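Enquirer: Below you'll find the structure I mean.
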Amino acid sequence: MPQTAAPQAAAPGEEAAAQRPGRAHRRRRKSAGRTEATEAQAQAPSSTPAPAPGQQAAARAPRRTHPVLEQLAALYPQLFGAVFRPLKRGIFQDLIAAHPDAFERAALKEALGLHTRSTRYLHSVAAGGKRYDLAGQPGEDLTPEHVLHALLEVHRRRQARTGADAAATADAQAQLRRRMVAAFEASGLTREAYTERVRSRDEAANALLEEALAEWAARNAKDEALLRAFEASSTSQGSAEAHTPETQRSAEAQFAAMYGLEPRSVTQALVRARRARRQAGTVSG
């Protein structure tokens, strides 16, 4: 009788797998699923769009300066160099006269337009003061309307960068109003004359100016009341008899201490009030 071959013993792992076929099958399916998911993620397009080639180049390459502005910076570093200064009116004709063969008229006009519309240049105009000629010498004063226009344009550009954040907008507008008041005071004009001169068709800008001047008037009223209180105090009467800067400062410090005020703020308010009185007397006279 032929003998039947004995079955070979299975390896321990194979035996375990044979006893648990369902679990092994599930493991294989999970592994396959993970592999497919990984491949799908690798093949799927990114949710962030890749920048176009032109955009990549723009991001990498620094903004080029107009070649004529580079010439001007080399010729007149005191005007077009690291620090910008307000240019005298008629600077285009002065440059053509000084360098008849150096500049093409159209290119020079374009370069000066870029320069005077730049934010750095507008900051220099917004600060007020004088205009400068090619020799770097100060000349005529900046007009009040030019200063105010520069202030408003710098403010608009800053708002465009910061967005619509409410707190940032409120702070920026408060700073703008303070600078408007400083520009108005530097003009030496009365409130009525200044308003008439700088008003524009931009009603939003006109409203901001009115708000700034209303704050200025309220501050002036407080300053005048403080000056009257100081003049009525005994400390002021004592300083008036001695009439020296040292006794004046000492009297103002004593007055501030009497009312629990900050001495520097008191001195600043008194200076403003005295200046306002002088200006009012000059106008009325």
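Only the coordinates and a few stated rules stand behind these numbers; no lab work does. Predicted model only: the values in this text are computed from it and were never measured. Positions of Cβ are backbone-derived with ideal geometry, glycine not excepted, and every protein chain shown enters the neighbour counts.
Enquirer: So if R0 is 30 Å, what FRET efficiency would Ala106 and Ala135 give, r being the distance between their Cβ atoms, rounded to the nearest 0.05?
Expert: According to the calculation, E is roughly 0.70.
Enquirer: What percent of all Cα-Cα pairs in the range 67-142 falls into each 10 Å bin, going from 0 up to the bin containing the maximum distance?
Expert: For the range 67-142, the pair-distance distribution reads 19, 58, 22, 1.
Enquirer: HN-Hα J couplings of the range 186-194 from phi, Karplus 6.51/-1.76/1.60, θ = phi - 60°, integer Hz, Gly and Pro as x?
Expert: Residue by residue, the range 186-194 yields 5, 5, x, 8, 6, 4, 5, 5, 5 Hz.
Enquirer: Among rounded, prolate and oblate, which fits the range 96-139 when a ≥ b ≥ c are the square roots of the eigenvalues of its C-alpha gyration tensor, a/c under 1.5 means rounded, and a/b larger than b/c means prolate? Working shown, then result.
Expert: Working: a/c = 4.21, a/b = 1.44, b/c = 2.93.
Since a/c reaches 1.5 but b/c is at least a/b, the shape of the range 96-139 is classed as oblate.
Enquirer: If you bin the C-alpha pair distances of the range 126-227 every 5 Å from 0, what whole percents do you get?
Expert: 2, 11, 20, 22, 17, 13, 9, 4, 1, 0
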